[in-house]
Amino acid sequence: MSTTMASRSSGSVTAPNGQPVNRRKVLLWEAGAFAFIMLAGSVLHFAYELSGFSTVAAVFGSVNESTFEHLKLFFWPALVFALVQHAYMRQEANNYWWGKGLAMLVTPLGVILSFYFYLGILLPITGRGFLAADIGTGAFGVLLGNVVSYRILTSPDMGRSRRLAGLTVIGLLGVAMATSAWLTPRFFLYENFYGYEYSGGYGILDDYTPYLVFPDR
């Protein structure tokens, strides 16, 4: 009781290890997560082509230029980093899987909203988007997820039910990402959006010749 009262009076939040949550440490981990997700996502963008169009790579990398396929580039690195971070931070931060689950949910929402917002402005004017802006929407979504994660990990304990909810969110997202190349709804987020135009292609395409980044490989 006295520890809890002291924690409240000082404005600190107690972690599972009984010590105050080290906000600076959590912040550094979230900054590392942002950098890792952006770098690993850039590699995964080309993984399907560089693998020779392997089935395994189709689970983790984008198989076309649809919006949803690009969301995989942020989800899988975020999950890998979260597992590593958990090994070091599970006793030093609160609500871990709830924070990470919400982060992985907020990130794609941030990417989608910012991507179509900027295209809604530029496409009528220029007829196209820009690579730097595309990358910026990804960075915005990832940053938004990291902010959410930081806020929740440094908040007071929210109970075991939130942990289950976070893991459920991650599991559902994982299934959606892993199967999107084959179980593809006929919805605009899943439609190939090459050159900022919808092509009518969904999932794994019949011919990748027009889309090769490394044609001489």
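Membrane-span-like helices of the chain, defined as complete DSSP H segments with a Cα extent of 24 Å or more along the helix axis and a mean Kyte hydropathy of at least 1.0, are identified as 23-44, 96-126, 131-153. Spin-label model, residue 84 to residue 28: label points 7 Å out along the Cα-to-beta-carbon direction sit 1.5 nm apart. For segment 181-217, backbone nitrogen atoms closer than 12 Å to the point 7 Å from residue 133 Cα along Cα-to-C-beta are found at 196. The label-point distance for residue 117 and residue 182, in a model that sets each label 7 Å from Cα toward Cβ, rounds to 3.7 nm. Taking Cα centre as origin and charging only the Cβ of basic (Lys, Arg, +1) and acidic (Asp, Glu, -1) residues, the dipole magnitude of segment 63-217 rounds to 720 debye. Determine Rg/Rh for segment 19-203; Rg is computed over alpha-carbon atoms and Rh is the Kirkwood hydrodynamic estimate from the same atoms. Dividing the radius of gyration by the Kirkwood radius yields 1.00. Mean residue ellipticity, 222 nm, helices only, the chain: the sum of -39500 (n - 2.57) across DSSP H runs of n ≥ 4, divided by residue count and rounded to 500, is -21500 deg cm²/dmol. The protection proxy used here, the mean number of other Cβ atoms lying within 10 Å of each residue, ranks peptides 178-184, 32-38 as follows, highest first: 32-38, 178-184. Could you list the residues of segment 128-148 with an amide nitrogen less than 16 Å from a label point located 7 Å from the Cα of residue 196 in the Cα-to-C-beta direction? Inside the label zone: 128-138. Modelled spin-label separation between residue 211 and residue 126, with each label point placed 7 Å from Cα along the Cα-to-Cβ direction: 2.3 nm. Between residue 14 and 21, the built amide H atoms are under 5 Å apart, and every one of these is 5 or more places off in sequence or on another chain.
Quick note: the coordinates plus some simple rules give every number you see, no bench work behind them. Keep in mind that what you see is a predicted model, and the values were worked out from it rather than measured. Neighbour counts run over all protein chains shown; Cβ positions are idealised from the backbone, glycine included.
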